[in-house]
1. Amide H to amide H under 5 Å from Ser178: which residues, 5+ apart in sequence or cross-chain, H placed 1.01 Å off N in plane?
2. If we count every other residue with Cβ under 14 angstrom of Ser302's Cβ, Lys/Arg +1 and Asp/Glu -1, where does the sum land?
3. Counting only GluC sites (Glu not before Pro) that sit in a DSSP loop (anything but H, G, I, E, B) with at most 15 other Cβ atoms within 10 Å, what is the longest stretch of the chain containing none of them?
4. For the stretch 249-283 and the stretch 16-43, compute the distance between their C-alpha centroids and round to whole Å.
5. Using r as the Cβ-Cβ distance of Ile257 and Asp163, and R0 as 25 Å, what FRET efficiency do you calculate, to the nearest 0.05?
6. Along Cα→Cβ, 7 Å out, is where each label goes; now give me the distance between the ones at Lys173 and Lys300 in nm to one decimal.
7. For the stretch 304-327 and the stretch 91-149, compute the distance between their C-alpha centroids and round to whole Å.
8. For Cys46, which sequence-distant residues (separation of 5 or more, or a different chain) have an amide H within less than 5 Å of its own amide H, given hydrogens modelled in the peptide plane?
Amino acid sequence: MSYLNYSLKKLNTFNLSTKVYKLFIVKNLHDLCKLWKEYEKKCMPCLILGEGSNVLFLNNFYGLIIINRIKGIYIRESKNHWNLHVNSGENWHYLVEFTIKNKIYGLENLALIPGCVGSAPIQNIGAYGTSIKKFCKYVDIINPVNKKIQRINNKNCNFKYRDSIFKNEYYKKHVIISVGLFLSKKWIPNLEYYSIKHLKNYNITPQKIFHYICNIRKKKIPHPKIHGNAGSFFKNPYISIKKGLKLLKIFPTMPYIIKHHYIKLSAGWLINQCNFSKCIYNGVTVYSKQSLIILNKFNKSSGIDILNFAIKIYNTVGKKFDIWLEPEVRIIDSYGEINPLIYFKK
Ligand code: FAD
Ligand code: EPU
């Protein structure tokens, strides 16, 4: 299916009314490669999207957007494991639900994260004490121009906190076509995250964790259909232990976690200290229960309004704590993704 001068309002979770010159919804690899090649030949920008839940459009897009709906879930069983080969256009939460219904456990902590399976390895989606890194066996990518397919095994994906090789070396010239997941038949609950620790005292099952996490997420994160948002706008900062201890002397109530040689801070807490939940600029604010989530409150603001509000947060937090937040959301202008350092710099 193809559309001309199409509004992306229903295809990005900030609910921005950005228009795209040409939009295609693809259901197979052949069409994806053909379109990509055609637009590259014309030197027109080309962008692939899953569900638009981690992007901020600043302006209309002057090229081609391909919406990936290449589906398929294939399961292979070995003595101790389930091997899943999932095509990149599947919905992530649908996959989590599907595995649990089929008595395949492990993904329950990652319930209700929006987006497609193919986007999940890009920022190594994570929540409630785990991330896709723990279950991903491989990621298959294609260069749509020469149709060369490569399999990247887990250890070569360079998975880190909200980062992977797919945001770096394999960025732009490759498309993720499928993801291989490896789930143990011996289920061990993961209840390390502070807000689910207490579940240890119950007769816990994967289904109970799944429902519990869906419920807290529904309470903590506004549904994008009601108030446009892209989840956490910024990443949580990692700082040196020395800097962390210095800050803790000034702000003794600041929450933190020691991770290897770093201290991980809560960006939400830092933003909270700057009282942004009381501010609203051109319809943009932060969610009252979770300051890390920037809202297009009335779904009428523009991408630039959201960007300006995020820059205000960045500067205020930076000046107060000398901590310069890094956006998690990908920023897209008329010709493609832009380097956030253009806007987010000291
Ligand atoms: P899109 O926004 O469509 O794309 C994101 C980027 O990936 C773009 O640069 C796009 O060009 C690129 N891309 C998309 N598909 C492909 C492909 N097949 N090949 C190559 N590049 C591709 N994230 C978390 O980690 N944890 C959370 O708890 C979490 N909670 C969220 C809650 C809400 C309400 C929202 C709106 C977002 C949340 N996110 C969270 C962020 C988001 O869900 C993830 O980043 C998700 O993986 C994005 O998927 P998507 O399909 O929507 O990607
Ligand atoms: N906090 C505040 N005020 C806030 C928000 C958080 O004080 O407004 C403090 C509290 O101390 C709270 C702690 O931060 O106990 C942690 O908060 P929360 O559990 O909500 O997690 P988070 O660190 O704010 C991260 C991810 C989320 C993920 C949750 C749950 C990032 C950038 N965000 O948020 O991911 O769902 O943990 O694991 O790492 C996303 O990436 O889009 C996203 C939503």
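No lab work stands behind these numbers, since they all come straight from the coordinates. Bear in mind that the values here come from a model prediction, so they are computed numbers and not experimental data. So basically every Cβ, Gly included, is an ideal-geometry build from the backbone, and we count neighbours across all protein chains shown.
1. It is Ser88, Asp140, by chain and number.
2. +2
3. Values: sites that count: Glu169, Glu192.
Answer from the scan: 1-168.
4. Taking the Cα centre of each part, the stretch 249-283 and the stretch 16-43 sit 40 Å apart.
5. After rounding to 0.05, the efficiency reads 0.90.
6. Spacing of the two 7 Å Cα→Cβ label points: 4.6 nm.
7. Cα centroid of the stretch 304-327 versus Cα centroid of the stretch 91-149: 30 Å apart.
8. Leu64
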